[in-house]
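Presented below is the structure to which this report refers.
The values are calculated or read from the model by the stated rules, or taken from the named source; none is laboratory data. Note that the structure is a prediction, hence the values are computed from the model and not measured. Virtual Cβ from ideal backbone geometry, glycine too; neighbours counted across all protein chains shown.
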Amino acid sequence: MYATDLAHAHDAGFSSFAAKSAPAVARLLRGHRDVVELGCGSGVLAAYLTARRHRYVGIDISPAMVRLARARAPGGRFKVASIGNAALPVCDAIVALGEVVTYVPGGLPALARFFRRAHRALRPGGLLVFDFMASARGRTYAPRLVFGDGWTLEVAARVDRGSRVLTRDIRILRRVGRTVRASRETHRIHIYDRTSLTAALRRSGFAVALRRSLGPNRLLPGDVAVIARKMPRI
């Protein structure tokens with residue numbers, strides 16, 4: 001997922017959400033110095049946070065994305081791992097933006113295990129900030145082309161309403177020197193209803209607030225932002 005050519009195209013053409021969200025995320029993280037970002041991508045948020053003296057660890061399943069992030073945010077620490085098995089260090093905040101948690105295989109049971117791991121890693125009062133897809137309405141489309149400097153994506157999205165999984169089929173063409181490389185990726189995204197996901201967070205020991213935007217940056221149709229705070233054990 002997000003091999004070299006798609007990582008390049010995503011960084012060049014689709015990093016505006018991270019850039020626009022960064023100031024709002026930084027405001028949420030005031031007083032939370034040690035930050036872990038899951039699905040750190042090409043390091044856009046990492047660069048913003050490390051410039052503001054957060055101690056930062058970025059984790060991404062894509063080695064290509066991690067290479068880009070290390071170059072963009074040399075003040076952070078990065079490693080290649082999946083959300084499902086990454087060791088989470090003790091921290092003040094965990095951030096996972098860009099529908100990252102919806103990529104976790106195994107649906108809500110796997111996500112609930114991640115919530116429990118995040119709760120253990122966070123210090124009291126720590127924050128878990130992420131977004132997820134609650135509805136696929138307006139998010140499916142026939143194949144369409146997206147162009148950038150030296151690259152073209154053909155992307156289609158379809159949904160299986162029985163399994164509540166949205167599938168994106170992506171064909172990538174990228175010019176490198178005199179060569180045009182072609183590759184394909186298939187991304188499967190779980191769709192979660194607000195009630196079930198919120199209940200899983202509360203069972204893990206979080207107080208939960210849901211939002212449709214991060215600061216002035218409104219989310220994509222069907223997406224919901226979560227700000228979950230670790231509650232002290234009674």
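Summary table
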item: When residues of the range 58-81 are limited to those that are in contact with a helix residue (DSSP H, G or I) (Cβ under 9 Å, 6 or more places away or on another chain) and closer than 20 Å to His119 by Cα, the one surrounded by the fewest Cβ atoms within 10 Å (Cβ to Cβ); result: Ile59
item: Residue pairs meeting the criteria (Cβ under 7 Å; at least 6 apart or on separate chains; first in contact (Cβ under 8 Å) with a residue 40 or more places away in the chain and farther than 11 Å from Ala225 by Cβ, in the range 197-213; second among the aromatic types (Phe, Trp, Tyr) and outside any helix (DSSP H, G or I)); result: Leu197/Phe132
item: Out of Ala86, Ala93, Ala134, sole residue that is under 19 Å from Met1 (Cβ atoms), under 20 Å from the mean Cα position of the chain (by Cα) and not polar (S, T, N, Q); result: Ala86
item: Near pairs, Cβ below 7 angstrom, 6+ apart or cross-chain, from the range 15-42 (assigned by TED's automatic domain parsing to the domain that holds Arg77 and under 15 Å from Ile94 (Cα atoms)) to any residue that is surrounded by 18 or more Cβ atoms within 10 Å (Cβ to Cβ) and of a type in the set (Asp, Glu); result: His32/Asp92; Arg33/Asp92; Asp34/Asp92; Val35/Asp92; Gly39/Asp60; Cys40/Asp60; Gly41/Asp60
item: Single condition Gly138 does not satisfy, out of (1) within 30 Å of Arg33 (Cα to Cα); (2) modelled with pLDDT under 95; result: (1)
item: Subset of the range 151-170 (residues that are surrounded by fewer than 16 Cβ atoms within 10 Å (Cβ to Cβ) and charged (D, E, K, R)); result: Glu154, Arg158, Asp160, Arg161, Asp169
item: Positions within the range 214-234 being under 26 Å from Leu166 (Cα atoms), surrounded by fewer than 16 Cβ atoms within 10 Å (Cβ to Cβ) and touching a residue at least 24 places away in the same chain (Cβ under 8 Å), in sequence order; result: Leu220, Pro221
item: Residue in the range 186-207 that is assigned to a strand (DSSP E or B) and more than 26 Å from Phe14 (Cβ to Cβ) present; result: yes
item: Only one of Thr167, Thr179 that is of a type in the set (Ser, Thr, Tyr) and touching a residue at least 12 places away in the same chain (Cβ under 8 Å); result: Thr167
item: Unmet criterion (only one of (1) in the same structural domain as Val35 (by TED's automatic domain parsing); (2) more than 25 Å from Arg218 (Cα to Cα); (3) surrounded by 13 or more Cβ atoms within 10 Å (Cβ to Cβ)) for Val104; result: (2)
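Residue-wise test of (1) at pLDDT below 95; (2) closer than 19 Å to Leu153 by Cβ.
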| position | (1), (2) |
| --- | --- |
| Ser15 | yes, yes |
| Ser21 | yes, no |
| Ala81 | no, no |
| Ala96 | no, no |
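Rundown of residues vs (1) acidic (Asp, Glu); (2) out of contact with any Lys or Arg (no Cβ under 9 Å at 6 or more places or on another chain); (3) within 17 Å of Phe130 (Cβ to Cβ); (4) part of a loop (DSSP other than H, G, I, E, B), yes/no style:
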{"position": "Leu45", "(1), (2), (3), (4)": "no, yes, yes, no"}
{"position": "Leu68", "(1), (2), (3), (4)": "no, yes, no, no"}
{"position": "Ala71", "(1), (2), (3), (4)": "no, yes, no, no"}
{"position": "Ser82", "(1), (2), (3), (4)": "no, yes, yes, yes"}
{"position": "Pro89", "(1), (2), (3), (4)": "no, yes, no, yes"}
{"position": "Val95", "(1), (2), (3), (4)": "no, yes, yes, no"}
{"position": "Gly98", "(1), (2), (3), (4)": "no, yes, yes, yes"}
{"position": "Val101", "(1), (2), (3), (4)": "no, yes, yes, no"}
